[in-house]
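The structure appears right after this line, and notes come after that.
The values are calculated or read from the model by the stated rules, or taken from the named source; none is laboratory data. Just so it is clear, the model here is predicted, and its values are computed rather than measured. Please note: Cβ atoms are built from the backbone with ideal geometry, for glycine as well, and neighbour counts cover all protein chains shown. Keep in mind that these areas ignore ligands, DNA and RNA; they rest on the heavy atoms of the full protein, side chains included. Shrake-Rupley method; radii C 1.70, N 1.55, O 1.52, S 1.80 Å.
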Amino acid sequence: MYKIKPMKILAIDIGGTSIKLCLADESGNISNFKEYDSEAKMGARHLIARIIQLITMNYTDFQAIGISTAGQVNKEEGSIIYANENIPNFTGMQVKDVFEAKFNVPVVVENDVNAAALGEKHYGAGKRYQDFLCLTYGTGIGGAIVYNSNIYRGFNGCAAEFGHIILHPGGKRCTCGHLGCYEMYGSTTALVKKALEIDKKYVNGREVFEGLEQGNVELEKIMSKWITEVAYGLVSLTHIFNPQAIILGGGVMEQNSLVTLVNSKVKEMIMESYSEVAIVKASLGNKAGLLGAVSLHL
Ligand SMILES: [Zn+2]
């Protein structure tokens with residue numbers, strides 16, 4: 001009798017600031033996790049060459065590659081439809097072709113927020129749900145729609161740009177060119193900008209939460225307003241999608257108390273018939289994208 005060797009998948013998570021890599025089996029057991037600066041500002045060709053070098057340096061035995069990446073992705077072609085200036089010249093890159101030619105194994109590419117949602121679906125907070133939304137709070141607000149246990153992509157693969165729902169018409173100018181988008185009010189960046197008006201030491205979400213623990217009353221007011229902005233977006237999305245659950249990710253949402261506060265605010269504002277929506281914390285942290293990349297080969 002012989003044993004079939006379990007499949008090893010090389011998972012890669014490409015972001016504007018870091019590249020993460022690991023090996024994983026189909027059950028999501030991770031090994032050889034590595035994280036590097038992505039040096040993305042040097043452009044997409046440098047980035048891809050760098051990833052190939054990192055793979056060659058660290059990994060030998062894998063039968064497939066799953067890639068989670070920043071930017072809008074054409075999943076069938078494994079190419080980048082659009083990426084912003086965080087990775088110059090990434091738009092149009094044939095990611096799948098490049099890696100398949102180099103490593104001679106099947107390669108699947110997915111957008112990072114969709115990958116994180118798939119990670120949560122297969123290995124994390126989304127296991128119990130077939131229909132849910134995922135939102136990631138950071139520099140902006142990323143979104144993914146899981147419908148019938150699969151990603152809903154829309155007409156040409158760009159669905160779920162929840163960060164660009166216009167929440168305050170005529171409001172703050174967004175990176176997308178419009179005025180008053182959700183992410184200008186509900187992202188971590190938006191929270192930090194407001195906190196910085198009180199004190200220059202509040203340079204990130206962690207500092208803001210430390211300030212709150214020390215009982216800064218002005219900061220509490222800012223926090224409470226920010227939670228209301230976060231909830232506005234979630235209330236509208238719940239009324240549109242009627243999801244079983246909404247999974248909240250991004251560094252700032254690691255705070256248990258925050259998810260509880262957002263949940264109560266949403267429940268306060270929502271129509272009665274939607275009140276069963278579960279608002280929960282993402283459970284895979286910064287491994288969600290990698291595990292989502294693994295799940296592309298299930
Ligand atoms: Zn926008």
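Structure summary
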quantity: Test for VAL109: is it open to solvent by less than 20 Å² (accessible area, probe 1.4 Å), closer than 19 Å to VAL73 by Cβ and either more than 11 Å from the ligand (Cβ to nearest atom) or not charged (D, E, K, R) (or both); calculated: yes
quantity: Matching residues, region 274-298, being without any contact (Cβ under 8 Å) to a residue 60 or more places away in the chain and either assigned to a helix (DSSP H, G or I) or within 9 Å of ALA116 (Cα to Cα) (or both); calculated: TYR274, GLY285
quantity: Residue ID - nearest to the ligand (Cβ to nearest atom), chosen from residues in region 163-172 that are open to solvent by 50 Å² or more (accessible area, probe 1.4 Å) and of a type outside the set (A, V, I, L, M, F, W, C); calculated: HIS164
quantity: Residue that is β-branched (Val, Ile, Thr) and surrounded by fewer than 16 Cβ atoms within 10 Å (Cβ to Cβ), where the choices are THR56, THR69; calculated: THR56
quantity: Selected residue (only one of THR175, THR189 is in contact (Cβ under 8 Å) with a residue 60 or more places away in the chain and either under 30 Å from LEU118 (Cα atoms) or open to solvent by less than 20 Å² (accessible area, probe 1.4 Å) (or both)); calculated: THR175
quantity: Residue check, GLU229 in a helix (DSSP H, G or I) and farther than 24 Å from HIS164 by Cα; calculated: no
quantity: Residue within region 152-162 that is over 16 Å from PHE241 (Cα atoms), away from the ligand (no atom under 15 Å from the Cβ) and either polar (S, T, N, Q) or within 12 Å of the chain's Cα centre (by Cα) (or both) present; calculated: yes
quantity: Total residues in region 214-226, condition surrounded by fewer than 18 Cβ atoms within 10 Å (Cβ to Cβ) and under 21 Å from GLY138 (Cα atoms); calculated: 4
quantity: Complete set of residues in region 40-53 that are open to solvent by less than 70 Å² (accessible area, probe 1.4 Å) and modelled with pLDDT of 95 or more; calculated: GLY43, ALA44, HIS46, LEU47, ILE48, ALA49, ARG50, ILE51, ILE52
quantity: Yes/no for CYS176 being more than 22 Å from LYS265 (Cβ to Cβ) and either within 16 Å of the ligand (Cβ to nearest atom) or among the polar types (S, T, N, Q) (or both); calculated: yes
quantity: Which listed residue, of SER257, SER264, is open to solvent by 20 Å² or more (accessible area, probe 1.4 Å), free of Cβ contacts under 8 Å to residues at least 40 places away in the same chain, under 21 Å from the mean Cα position of the chain (by Cα) and over 30 Å from ASN150 (Cβ atoms); calculated: SER257
quantity: Residue tally, condition open to solvent by less than 90 Å² (accessible area, probe 1.4 Å) and either of a type in the set (S, T, N, Q) or closer than 21 Å to LEU167 by Cα (or both), over region 192-213; calculated: 4
